[in-house]
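Visitor: Pasting in a structure now, in structure tokens, and then I'll have a few things to ask.
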Amino acid sequence: MRITPPQHLQPATIDTYDDHRIAMCLSLASLGNVAIRINDPGCVRKTYPDFFATFSSLTVPMAA
């Protein structure tokens, strides 16, 4: 399998359907310097309650 990323990422809103894996996986797209909104980020509390706090500590905030 070969995955070719797009030239430019687009801002997106992600529905997690109460699945922590979707929230955790697709939050990584924000590292591509694009706005990503995760609906129901609280679904990660199932496996990693501090995920978004930890994740945000690893990133640099985007300039306004």
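Visitor: Whenever you get a sec, compute what percent of the accessible area on the chain sits on carbon and sulfur atoms (1.4 Å probe).
Guide: Exposed carbon and sulfur together represent 59 percent of the surface.
Visitor: Continuing with the same structure: At a probe size of 1.4 Å, how large is the accessible area of Arg37, to the nearest 10 Å²?
Guide: Only protein atoms counted, so the area is about 150 Å².
Visitor: Evaluate the chain: find the radius of gyration of its Cα atoms, find its Kirkwood radius, and give the ratio Rg to Rh.
Guide: We get a ratio of 0.98 for the chain.
Visitor: Here's a follow-up. Might you report the magnitude of the Cβ-based charge dipole of the range 2-64 about its Cα centre, with Lys and Arg at +1 and Asp and Glu at -1, to the nearest 20 debye?
Guide: 160
Visitor: Something else now. Over the heavy atoms of Leu31, what accessible area does a 1.4 Å probe trace out, to the nearest 10 Å²?
Guide: The accessible area comes out at roughly 110 Å².
Visitor: Give the accessible surface of the chain per residue, rounded to a whole number of Å², with probe radius 1.4 Å and ligands, DNA and RNA excluded.
Guide: Accessible area per residue: 81 Å².
The values are calculated or read from the model by the stated rules, or taken from the named source; none is laboratory data. Keep in mind the model is a prediction, meaning the values are calculated, not measured. In this analysis, Cβ positions are derived from the backbone assuming ideal geometry, glycine residues included, and neighbour counts consider all displayed protein chains. For accessibility, only protein heavy atoms count, side chains too; no ligands or nucleic acids. Shrake-Rupley method; radii C 1.70, N 1.55, O 1.52, S 1.80 Å.
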